[in-house]
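First up is the structure itself, then whatever we jot down about it.
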Amino acid sequence: MSTQLKSETGESFVALRHINKTFNCDSVNEVVLFTDFNMEIQKGQYVSVVGSNGSGKTTILNILCGSIPIDSGSVLVNGKEISGQKEYRHSKFIGRVFQDPAKGTCPELTILENMALADNKGKSFGLNIGVNKRRIDNYRTQLELLKLGLEDKLNLPVASLSGGQRQALALLISTMTPIDLLILDEHTAALDPRSSENVMELTEHIVREKKLTTLMVTHNLKFAVGYGDRLVMMHRGNIVIDAAGEDKAALHTKDLTEKFNEISIEDGN
């Protein structure tokens, strides 16, 4: 399947253009990952990204989130150039759910306090009480979406929740305020199979209901095939599969494993 650098319909909403990135420059450990790399995503598109370790999939997320700088090129979200901005500035318009459930929430705070913090993201803080009591009913309504009974446990410390519950809460928190892009960084990898399925079903519901432009990196080929409307496979800093629409719907996990095997043979493994 040919590389699709831009969606066939509509203007690109997220764009990485002519990206060059080398790690450990001028050392024996130098690794050239991206050379003139391009990838564009349409507004509202839900993209699954797979690839072996070192393929560049996680680096794409880190570049978009401002966690690592690029050597050259351009990174745009919603028409704005964001490369060179501090990471905290990216967090104002990008929501990220990490692999580790502990990273998306504050464990020492209650569910209510976590939601209040998320509700105030990007706003100025004064010396007022952190939780707006008039918003509590709204928090309960949002928690009902999770179908975990957390709407009746607002004062429960997040540290007491299971990994699946915390990840579901982290997903909800990351999308409470308007964002341009949702990034899912292997967000089910640390969960048991049942919790993983529950979180993926919740992800699908939230992404579709809020019409979120979403980029999901996953090692789970079943999830990559079953969710989203576009699938990208990375290898050594290049896109080797890019399937959207009917091409994506026709994909099976065996198609991906066959491609992985083909790549492995080409690499002499």
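The values are calculated or read from the model by the stated rules, or taken from the named source; none is laboratory data. Keep in mind it's a predicted model, so treat the numbers as computed, not measured. Note: ideal-geometry Cβ built from the backbone for every residue, glycine included; neighbour counts use all protein chains shown. The accessibility values were calculated without ligands, DNA or RNA, using every heavy atom of the protein model including side chains. Shrake-Rupley method; radii C 1.70, N 1.55, O 1.52, S 1.80 Å.
Descriptive notes on the structure:
- Per-atom-type breakdown for segment 192-269 gives carbon and sulfur 49% of the accessible area (1.4 Å probe, protein chains only).
- When the P(r) is computed for segment 117-249, the part past 27 Å accounts for 28% of the Cα-Cα pairs.
- Counting only protein chain heavy atoms and rolling a 1.4 Å probe, the accessible areas of Y46, Y227, Y88 rank, largest first, as Y88, Y227, Y46.
- Rounded accessible area per residue of segment 65-123, 1.4 Å, Å²: 51 Å²
- Alpha-carbon centroid distance for the pair segment 142-200 / segment 201-269, whole angstrom: 22 Å
- Counting only protein chain heavy atoms and rolling a 1.4 Å probe, the accessible areas of V158, V32 rank, largest first, as V32, V158.
- Helix 253-266 axis versus longest C-alpha principal axis of the chain: approximately 50°, rounded to the nearest ten.
- Quick note on the chain: its Rg to Rh ratio, both from C-alpha atoms and Rh being the Kirkwood radius, is 0.98.
- With each label modelled as a point 7 angstrom along the Cα→C-beta vector, the K43-T141 pair spans 2.5 nm.
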